[in-house]
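Below is one structure; the comments refer to it alone.
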């Protein structure tokens, strides 16, 4: 059991048999009444994000989730296949367990897979990934200072806004948390 005072982003908790990851939390002390903790929790199994409020000092069960480094191999239509880089065991994670993560998965990419009591719950991507641009309008020289952007389709199919000077075939770094362009590699 852990107290709400020990909450951290990324921590996993169990409420009524469901495992959640704390996406965001905020301690609130109103001028009148007791303090409370407002949280955004991501359901590991469904990917749904809910808002939940706890009283300050309330205890919740901490879920023991192991994170193992695994390599993404391929998608077989019903799910995604990952291989443990140490034991070479393969596991299949259903497509429903990956929501935003599947936009940035590239074959042979190493990720952390969250496992609770032998069941794979989901995938934790690195904060930034490098992907190749497969389609965008032609780049224009001299437009680097204007700050204007254009849509670009990456090799995984996700569309991000990039500066005008970026062209097809360029490798760009994208933040997996926000989906924003960071830099050209």
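Using only the Cα atoms of the range 2-62, build the gyration tensor, take square roots of its eigenvalues as a ≥ b ≥ c, and label the shape rounded, prolate or oblate: rounded if a/c is under 1.5, else prolate if a/b is larger than b/c, else oblate. Intermediate results must be reported in sequence, preceding the final value.
Numbers: a/c = 2.22, a/b = 1.78, b/c = 1.25.
Since a/c reaches 1.5 and a/b is larger than b/c, the shape of the range 2-62 is classed as prolate.
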Show log10 I(q)/I(0) for the range 128-184 at q = 0.13, 0.18, 0.22 Å⁻¹, two decimals, from a solvent-free Debye sum over equal Cα scatterers.
-0.26, -0.51, -0.76
What is the range 66-124 by shape, rounded, prolate or oblate, if you read a ≥ b ≥ c off the alpha carbon gyration tensor as root eigenvalues and call it rounded for a/c under 1.5, prolate for a/b larger than b/c, and oblate otherwise?
rounded
When Rg and Dmax of the Cα atoms in Å is calculated directly from the model, which label among [x] 15.1, 47; [y] 20.0, 60; [z] 20.5, 65 fits?
[y]
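No lab work stands behind these numbers, since they all come straight from the coordinates. Since the structure is predicted, the reported quantities are computational estimates derived from the model, not experimental observations.
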